[in-house]
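Have a look at the structure below, then the notes.
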Amino acid sequence: MKQKILVTKTIFPDVMELLQQYFEVEVHEGGRYTPEQLRAALRDKSGVFLAMGEKVDAGVVEGLSQLRAVSISAAGYNSIDVDALTRAGVIVTNAPGPADETVADYTWGLMIATARRLAEGDRWVRAGNWKGSVGSSFFGTDLCDKTLGILGMGRIGQAIARRAIGFRMKVLYYNRHPLDKTIEADCRASYVSKEELLKDSDFIVLSLPLTPGNYHIIGQQELALMRSSAMLFNIARGGLIDEPALAEALREKKIAAAGLDVFEGEPAVYPGLLGLPNLLMTPHIAGGTFETQHGLALLAAENLIAALGWGPHAGHPPSIVNPEVLLKNQ
């Protein structure tokens with residue numbers, strides 16, 4: 001008898017067919033599960049493919065003796081209580097890699113659109129306001145020859161930095177630890193303190209995971225360190241920014257502008273951010289291409305198959321978050 005798994009959203013047909021080769025697959029067709037609904041759906045499941053950012057904590061997995069693996073179709077896993085699942089002996093996997101270049105491309109699109117006020121211009125033209133020369137009404141800011149600061153220099157941060165070479169930008173970065181010198185050279189990036197980065201950068205990008213230590217890593221104090229001409233961009237996780245503090249900084253022109261693809265309470269947006277002309281907002285779509293989403297889903301499927309003891313990587317998922325569970329289960 002095949003093991004039963006849950007897929008929390010309809011996914012690509014070929015990925016579904018791959019999973020069905022190994023498992024009895026149940027697909028959830030509705031909206032995002034509540035924790036109680038997810039727990040009920042997992043009672044007879046050996047694994048779950050998370051496709052909608054569902055939260056899984058100790059309360060969800062408590063007593064689910066059959067559950068052996070949770071596979072996330074995304075690189076980030078801040079919605080998962082990894083410690084709780086590790087204690088329960090449940091393997092957690094994520095999908096790093098497929099979205100790296102796509103998110104880096106999007107970051108530059110967000111930066112250019114914000115600096116050059118593209119969304120404002122589009123709305124103005126659509127409203128029928130263009131009657132003649134606009135003069136300096138939509139003057140923006142050049143990116144070439146400026147300083148880019150990247151908080152979080154993982155794979156996505158490095159991809160963002162490499163693109164800065166074409167803009168002749170000086171690149172500063174802050175990480176928990178400096179990168180290997182060969183990587184720094186490839187990215188033409190210099191390691192500095194967080195305070196130096198905030199003070200010296202014209203464009204600041206957040207590209208780091210949301211952890212308890214990184215929660216509101218940008219708040220009132222950090223915004224006060226930034227130049228009044230600086231622009232802030234977040235393509236990582238919404239909880240990295242204190243949104244009321246950002247709204248105040250933008251409203252009072254303490255910083256020039258911001259571009260956000262993620263929000264702390266998404267899909268809800270902090271009301272103070274709405275209506276700010278110097279803020280460009282998009283609905284968490286930095287990784288939103290067919291190629292990338294298919295790659296994430298395929299890797300998540302391969303992880304789940306391996307975690308449950310099947311396929312070419314049986315017992316050794318390609319990207320496991322808590323490898324100590326493998327040792328525990330041996």
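Here is how the numbers come out for the structure above:
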{"read-out": "Residue list for the range 255-270, filter: buried (at least 19 other Cβ atoms within 10 Å of the Cβ), assigned to a loop (DSSP other than H, G, I, E, B) and among the small types (Gly, Ala, Ser)", "value": "256"}
{"read-out": "Residues (among the acidic types (Asp, Glu) and farther than 28 Å from residue 235 by Cα) located in the range 58-84", "value": "62"}
{"read-out": "Top-ranked residue of the range 69-90 - restricted to ones that are touching a Ser or Thr at 6+ places or on another chain (Cβ under 8 Å) and over 22 Å from residue 157 (Cβ atoms), ranked as surrounded by the fewest Cβ atoms within 10 Å (Cβ to Cβ)", "value": "69"}
{"read-out": "Test: residue in the range 152-172 that is among the polar types (S, T, N, Q) and under 16 Å from residue 259 (Cβ atoms)", "value": "no"}
{"read-out": "Selection count, the range 65-79, where residues are at pLDDT 95 or above and aliphatic (A, V, I, L, M)", "value": "4"}
{"read-out": "Any chance residue 173 is open to solvent by less than 20 Å² (accessible area, probe 1.4 Å), over 30 Å from residue 42 (Cα atoms), modelled with pLDDT of 95 or more and of a type in the set (Ser, Thr, Tyr)", "value": "yes"}
{"read-out": "Residues within the range 271-330 that are crowded, with 16+ Cβ neighbours inside 10 Å and in a helix (DSSP H, G or I), tallied", "value": "17"}
{"read-out": "The range 180-217: number of residues that are open to solvent by 30 Å² or more (accessible area, probe 1.4 Å) and more than 24 Å from residue 243 (Cα to Cα)", "value": "9"}
{"read-out": "Selection from the range 218-245 of residues that are closer than 22 Å to residue 53 by Cα, more than 12 Å from the chain's Cα centre (by Cα) and assigned to a loop (DSSP other than H, G, I, E, B)", "value": "242"}
{"read-out": "Scope the range 52-68; condition open to solvent by 10 Å² or more (accessible area, probe 1.4 Å), farther than 22 Å from residue 309 by Cβ and among the hydrophobic types (A, V, I, L, M, F, W, C); matching residues", "value": "52, 58"}
{"read-out": "Residue, nearest to residue 236 (Cα to Cα), within the range 17-47, restricted to residues that are in contact (Cβ under 8 Å) with a residue 60 or more places away in the chain, not aromatic (Phe, Trp, Tyr) and not in a helix (DSSP H, G or I)", "value": "47"}
{"read-out": "Selection status of residue 102, in contact with a helix residue (DSSP H, G or I) (Cβ under 7 Å, 6 or more places away or on another chain), of a type outside the set (A, V, I, L, M) and surrounded by 17 or more Cβ atoms within 10 Å (Cβ to Cβ)", "value": "yes"}
{"read-out": "Some residue of the range 16-30 being of a type in the set (D, E, K, R), in contact with a helix residue (DSSP H, G or I) (Cβ under 8 Å, 6 or more places away or on another chain) and farther than 23 Å from residue 323 by Cβ", "value": "yes"}
{"read-out": "Qualifying residue in the range 153-166 (condition: loosely packed, with under 11 Cβ neighbours inside 10 Å, at pLDDT 95 or above and not in a strand (DSSP E or B))", "value": "yes"}
{"read-out": "Residue match in the range 154-169 (condition: closer than 21 Å to residue 222 by Cβ, among the aliphatic types (A, V, I, L, M) and in contact with a Gly (Cβ under 7 Å, 6 or more places away or on another chain))", "value": "no"}
{"read-out": "Every pair of residues 6+ apart whose Cβ atoms lie under 8 Å, when the first sits in the range 100-128 and is over 22 Å from residue 164 (Cβ atoms) while the second is surrounded by fewer than 16 Cβ atoms within 10 Å (Cβ to Cβ) and not hydrophobic (A, V, I, L, M, F, W, C)", "value": "120/277"}
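The values are calculated or read from the model by the stated rules, or taken from the named source; none is laboratory data. These numbers come from a predicted model, not from an experiment. All Cβ positions, glycine included, derive from the backbone under ideal geometry; neighbour counts span all protein chains shown. To get the accessible areas, we keep the full protein, side chains included, count just its heavy atoms, and leave off ligands, DNA and RNA. Shrake-Rupley method; radii C 1.70, N 1.55, O 1.52, S 1.80 Å.
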